[in-house]
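Below: the structure, in structure tokens.
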Amino acid sequence: MSTLTKSGARHQYALVVDTTRCIGCEACSVACRVENEVPDGHWRSRIAPPTSGGSKAPLKWSCMHCADAPCVQVCPTKATYRRTDGIVVIVADKCVGCKYCIVACPYGARYFDDKKGIPDKCDLCAGMLDAGLKPACVQTCVGRALAVADLADPHDKDAARIRSGEARPLHPELGTKPSVYYVVGE
Amino acid sequence: MQVAAAGTAVAALPVGVRELAHPPAAEAAQSPGTDKVVTSVCEMCTVRCPILVRVRDGKVVRIQGNPREKSTQGAICARGNAGISLLEDPDRVRTPLIRVGKRGEGTFRKATWEEAYRYIADRLNVIRGSYGPEALGVGRRPSAGDAFLLTFAKAFGTPNIFSHESSCPLGRNVAMEVTLGTSGVAIDYSKVDYLVSFGRNHMETLAVPQAQGIVVGLSRGARLVYLDPRRSPTSTAATTWLQPLPGTDLAFALAMLQVMIAENLYDQAFVKRYTMGFEQLAAAVLTYTPEWAATETGIPAGTIRQVARDFGTARPRSVADFGWFTSTYLNDFQLRRAILALNALAGNLEVPGGMFLLKGLKGYGTELGDWKKPAFPAVKAGRVDGAGVAGRFPLVPVKDGLCQALPESVLTGKPYPLKAYIAHRFDPLAAIPDQPRTIEAFKKLDLLVSVDVYMSDTGAYADVILPECTYLERTDPVMEASGLAPKIRYRQQAVPPQGNTRPSWQIYKELAEATGLGEYFAYRDIDEIVTAQLAPFGLTAAKLAESGQWTPPTAKPTYLRKTDPTAPVKLKTASGKIELYSAELAKMGFEPALAYTAPPAPPEGTFRMIQGKCAVHTNSATQNIPVLHELRPSNELWIHPVPAGRLGIKDGDSVIVRTAGREQRGLAKVTRDILEGTVFTYHGWGRTSPGLTRVKGKGIGFNALMPVITDPVSGSLVMRETFVEVVKS
């Protein structure tokens with residue numbers, strides 16, 4: 001696992017979702033589904049459409065990669081853990097399939113993959129990030145609304161949007177310290 | 001991209017290297033193993049975005065946008081991403097089928113290709129002997145493989161060639177031909193400062209380069225004014241969303257013209273040099289004030305005036321979008337003409353942030369080559385639809401025709417009946433309104449052939465279904481994809497055809513041979529055709545395949561008026577200018593100037609029925625594709641809470657939609673996102689084919705309800721002038 005930046009600092013990944021650029025087309029949903037071979041009937045990432053009474057913009061919805069992740073806390077075998085770079089992952093070999101994590105996640109990000117026998121979810125395409133590439137959702141985004149920020153990189157423009165407070169987490173009151181940040185227009 | 005096997009036109013890349021723009025060499029060296037990466041072109045809709053297809057062990061594992069294409073930056077939409085789901089769909093027809101049951105039952109027996117060709121050829125030759133070659137009609141959604149079906153039809157000797165265009169953009173195309181002399185015009189979206197969209201729902205009727213361009217523009221402060229009676233995702237993206245009464249956009253456009261002229265907010269020098277008929281235009285719009293338009297549209301006069309002023313002030317980087325799907329209202333042709341007049345007043349032709357003429361290969365002196373074929377036989381009979389014929393539909397291009405003429409000709413025998421029909425990637429039952437009538441016509445045909453990847457609704461009525469392989473399994477002729485500079489794109493086979501499916505270059509060659517027309521298809525295979533196409537450029541398929549697209553090295557993106565606002569722009573109208581007033585239209589007996597006709601109001605107790613597209617489906621073609629079906633399996637009837645309350649309809653209730661003794665059932669979506677007198681559904685549902693196992697029987701099909709109404713000028717179908725009753729079921 002490569003988690004060092006060129007300067008030697010550790011990566012600290014976050015996903016920035018610019019809802020002002022999101023057109024709600026669900027390209028990301030399908031790119032993710034295909035790239036990660038997500039089984040029929042399940043999605044790691046979806047778009048919640050805007051509604052006249054609710055949100056004003058489409059909202060991409062996936063694992064929030066929380067710093068204080070309830071799924072990590074309840075996992076009896078430590079199969080689910082947060083990598084040093086901030087990505088919450090699950091190790092299939094250690095998972096006993098108890099599904100506590102599915103119940104614990106306040107964002108409803110997990111589904112049970114019958115084939116793999118684990119409660120799976122978005123891992124920010126960790127393998128691709130490790131190879132220096134973009135996650136499938138970011139790569140395919142029509143509105144260029146998605147970006148992976150590296151909070152460990154002082155020059156990262158997307159990280160700056162988080163630091164400045166322009167991009168903010170969804171439901172911070174849940175206290176899980178999510179790593180997905182949303183830019184919301186007026 | 002590391003080109004490891006240029007000879008086979010396939011680049012090798014290490015597993016895990018998914019971002020293919022410029023993979024660092026060091027990274028490539030670290031990873032053993034290879035995914036083949038094949039450059040190709042998407043066919044999940046008409047836009048044809050360039051793609052990269054990743055293949056592992058003979059299977060497609062992922063499709064992504066080709067990052068070398070600047071207008072998409074490596075993006076593709078949900079449909080493009082779902083190509084693999086189409087490829088692997090168990091519902092695909094994977095062997096030729098010959099009907100054994102009644103038409104529409106969907107009962108077929110498996111056949112060999114030779115049997116299927118023989119069956120078709122024997123009947124075609126009998127039909128030609130009895131009725132003449134003109135008794136064959138062919139219809140298709142235009143595609144890169146058009147040449148094969150069209151060559152077959154012309155070799156057979158029929159003039160009756162149709163496309164799906166009259167059920168989609170034909171009205172717009174004809175308005176452009178009349179006004180600008182060409183429909184080969186595009187908008188420089190990312191650089192537009194002020195875009196007015198008359199119902200062009202960019203974020204759902206999705207063309208990735210356009211949507212991305214608009215988002216780029218909006219993110220740097222451009223404005224988008226969007227008119228739609230329904231709140232769509234484009235309403236959400238727009239800086240201003242206006243909700244006109246359906247069918248009154250023309251009043252809005254006319255009032256904008258009136259304000260721009262009255263307040264001198266137009267480009268006088270441009271109008272003088274590049275247009276004709278300005279006086280007639282000014283006279284025509286004189287009384288179309290914002291106050292008048294307010295009573296028509298329901299939008300305040302002040303708002304209309306403001307939009308006109310902002311549009312006039314932002315020129316030349318202000319554009320009124322000429323739209324895409326324009327089979328809408330009876331006054332649509334006038335609306336498209338008015339929109340083109342707005343652009344003329346903005347003087348935005350051939351400047352950055354405006355409209356531009358497509359710069360095709362032809363303009364650079366060299367065109368794609370072709371395979372050699374004998375001259376086609378002379379066609380003696382006239383067309384059944386009157387396309388291109390004085391006194392009937394003189395403005396309709398003969399490559400498109402009026403697809404709605406099929407049932408008319410068969411059932412009335414006027415001017416003569418079609419006896420055979422070949423539908424290629426085209427489902428007349430889904431495209432042509434008054435579905436029951438088309439079914440009646442199908443039952444009277446001597447021969448109906450469907451060439452498709454699925455058993456479409458039309459396929460279920462066919463005598464023979466010829467299973468074409470998908471775009472991922474075939475190479476197509478090189479296609480032109482020109483914009484500001486000429487460009488060609490290459491769809492090449494990524495994986496072998498599944499089952500017993502074949503590409504259209506092979507299907508029509510073999511069918512022609514069985515029919516005795518083999519001399520018109522004297523090529524060995526598609527590679528020979530591509531080689532012939534590229535020869536004039538000294539280009540090889542292998543070279544083209546490296547990036548999947550190519551622009552002549554001497555060609556640069558060109559705006560003809562960028563540096564010199566008086567530079568000549570050749571327009572192919574009679575006057576050589578933008579025709580704000582059209583003497584040609586007058587000669588044909590059509591209204592030559594701009595004039596308003598109000599849409600009829602819904603009769604008491606009825607709603608105007610409108611439909612639109614969603615971003616995850618293309619027309620009626622993708623609703624059965626597993627992943628896309630999961631995203632949006634059905635449609636709903638959008639109805640405003642006030643009338644819904646009156647009718648006792650709650651959100652999620654079953655409802656019946658009725659008109660003229662016909663009905664469709666579906667679920668209600670009670671929402672304030674639609675006007676009170678209007679109901680809306682997404683298009684493409686109401687499928688009936690037993691071969692479409694997922695989507696069959698789901699949702700509301702408006703085609704079963706709508707009558708055929710044809711625009712007398714453009715030949716376009718008119719699909720939003722139907723009124724329905726809605727009751728709780």
Return the long-range amide H neighbours of B:THR597 (sequence gap of 5 or more, or a different chain), with a cut-off of under 5 Å between placed amide H atoms. none
5 Å is the cut-off here: which amide hydrogens, built 1.01 Å from N in the peptide plane, fall below it relative to A:VAL17, excluding neighbours closer than 5 in sequence? A:TYR181, A:TYR182, A:VAL183
Of all the accessible heavy-atom surface of the range B:607-728, with the other protein chains kept in place and a 1.4 Å probe, what percent is carbon and sulfur? 51 percent
How large is ³J(HN,Hα) for each residue in the range B:249-266, as worked out from phi by the Karplus curve 6.51 cos²θ - 1.76 cosθ + 1.60 (θ = phi - 60°), to whole Hz, x for Gly and Pro? 3, 4, 4, 4, 5, 5, 5, 4, 4, 4, 5, 4, 6, 4, 9, 6, 9, 10
Using a probe of 1.4 angstrom, how much of the accessible area of the range A:13-183 is carbon and sulfur, in percent? 54 percent
Provide the solvent-accessible area of A:ASP113, counting protein heavy atoms only and rolling a 1.4 Å probe, rounded to the nearest 10 Å². 10 Å²
Whichever lysines have a C-alpha closer than 26 Å to that of B:LYS698, once near sequence neighbours (fewer than 8 apart) are set aside: B:LYS102, B:LYS443, B:LYS613, B:LYS650, B:LYS669, B:LYS728
The farthest towards the positive end of the charge dipole of the range B:607-728, of the residues B:HIS629, B:GLY648, B:HIS617, given +1 on Cβ of Lys and Arg and -1 on Cβ of Asp and Glu, is B:HIS629
Mind checking the dipole of chain B: about its Cα centre, +1 per Lys or Arg Cβ, -1 per Asp or Glu Cβ, Debye to the nearest 20? 420 debye
Calculated over the range B:569-650: convex hull of Cα atoms, volume per residue (Å³): 226 Å³
Which residues of the range A:117-140 show a drop of at least 50 Å² in accessible area when all protein chains are present, compared with their chain alone (probe radius 1.4 Å, heavy atoms only, ligands and nucleic acids excluded)? A:LEU133, A:GLN139
Rel. contact order, % - alpha carbon contacts under 8 angstrom, at least six apart, chain B: 19 percent
Environment charge at B:THR240 (Cβ cut-off 12 Å; Lys +1, Arg +1, Asp -1, Glu -1): -1
List the relative contact order of the range B:570-623 as a percent without decimals, with contacts defined as Cα pairs under 8 Å and 6+ residues apart. 15 percent
Ratio Rg/Rh, restricted to the range B:607-728 and using Cα atoms, in which Rh is the Kirkwood radius: 0.97
Here the convex hull volume per residue of the range B:83-160, taken over Cα atoms and given in Å³, is 140 Å³
Among DSSP beta bridges lying fully in chain B, give the percent that are antiparallel, nearest 5. 50 percent
Near the amide H of B:GLY65, under 5 Å away, which other amide H atoms are found, from residues 5 or more places off or on another chain, if H is placed in the peptide plane? B:LEU52, B:ILE76
Here the relative contact order (percent) of chain A, from C-alpha pairs under 8 Å and at least 6 apart, is 32 percent
Considering only the other residues whose Cβ falls under 14 Å of the Cβ of B:LYS362, what net charge follows from Lys and Arg at +1 and Asp and Glu at -1? +1
Step through the residues of the range B:68-78 one at a time and calculate ³J(HN,Hα) from phi using the Karplus curve (6.51 cos²θ - 1.76 cosθ + 1.60, θ = phi - 60°), rounding each to whole Hz and writing x for Gly and Pro. 6, 7, 5, 6, 10, 6, x, 7, 9, 8, 4
Dipole-positive endmost among B:TYR131, B:VAL100, B:TYR288 within chain B (Cβ charges, Cα centre): B:VAL100
Apportionment of accessible area to carbon and sulfur, the range B:271-366, percent (1.4 Å): 57 percent
Could you name the lysines in cross-link range of B:LYS509, using Cα to Cα under 17 Å and dropping any fewer than eight places away on the same chain? B:LYS154, B:LYS372, B:LYS373
Where does the protein assembly as shown land at 222 nm, in deg cm²/dmol rounded to the nearest 500, when only DSSP H runs of n ≥ 4 count, each adding -39500 (n - 2.57), divided by all residues? -7000 deg cm²/dmol
Compute the distance from the alpha-carbon center of the range B:252-316 to that of the range B:94-117, in whole Å. 58 Å
Of the DSSP beta bridges with both residues in the protein assembly as shown, give the percent that are antiparallel, rounding to the nearest 5. 55 percent
Cα pair distances exceeding 53 angstrom across chain B, given as percent: 8 percent
Using the Karplus equation 6.51 cos²θ - 1.76 cosθ + 1.60 (θ = phi - 60°), what ³J(HN,Hα) coupling, rounded to whole Hz, does each residue of the range B:384-396 give in order, writing x for Gly and Pro? 6, 9, x, 5, x, 9, 4, x, 10, 10, x, 8, 7
Quick one: accessible area per residue over the range B:203-316, 1.4 Å probe, rounded to a whole number of Å²? 35 Å²
re the protein assembly as shown: pairs of Cα atoms spaced beyond 56 Å account for a percent value of 10 percent
DSSP loop GluC sites (Glu not before Pro) in the range B:584-637 with at most 16 other Cβ atoms within 10 Å of their Cβ, which ones? B:GLU604
The lysines whose Cα lies under 22 Å from the Cα of B:LYS556, excluding any fewer than 8 residues away in the same chain, are B:LYS70, B:LYS191, B:LYS359, B:LYS362, B:LYS487, B:LYS543, B:LYS570
Between the DSSP loop rule and a limit of at most 11 other Cβ atoms within 10 Å, which trypsin sites (Lys or Arg not before Pro) in the range B:220-294 are left? B:ARG220
Part-to-part distance (alpha-carbon centres) for the range A:84-110 and the range B:675-713, which is given in Å: 43 Å
Please report the buried accessible area for the interface of A with B, total over both chains, probe 1.4 Å, in Å² to the nearest 100. 2700 Å²
Solvent-accessible area per residue, Å², over chain A with all protein chains present [probe radius 1.4 Å]: 45 Å²
Explain nothing, just the number: dipole magnitude of the protein assembly as shown about its Cα centre with +1 on each Lys and Arg Cβ and -1 on each Asp and Glu Cβ, in debye rounded to the nearest 20. 500 debye
Treating only Lys and Arg (+1) and Asp and Glu (-1) as charged, each at its beta carbon, one finds that the range A:33-107 has a dipole about its Cα centre, in Debye to the nearest 20, of 160 debye
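The values are calculated or read from the model by the stated rules, or taken from the named source; none is laboratory data. Small disclaimer: the values here were computed from a predicted structure and weren't measured. In this analysis, Cβ positions are derived from the backbone assuming ideal geometry, glycine residues included, and neighbour counts consider all displayed protein chains. For the accessible areas, the whole protein counts, side chains as well, though only heavy atoms, and no ligand, DNA or RNA atoms are used. Shrake-Rupley method; radii C 1.70, N 1.55, O 1.52, S 1.80 Å.
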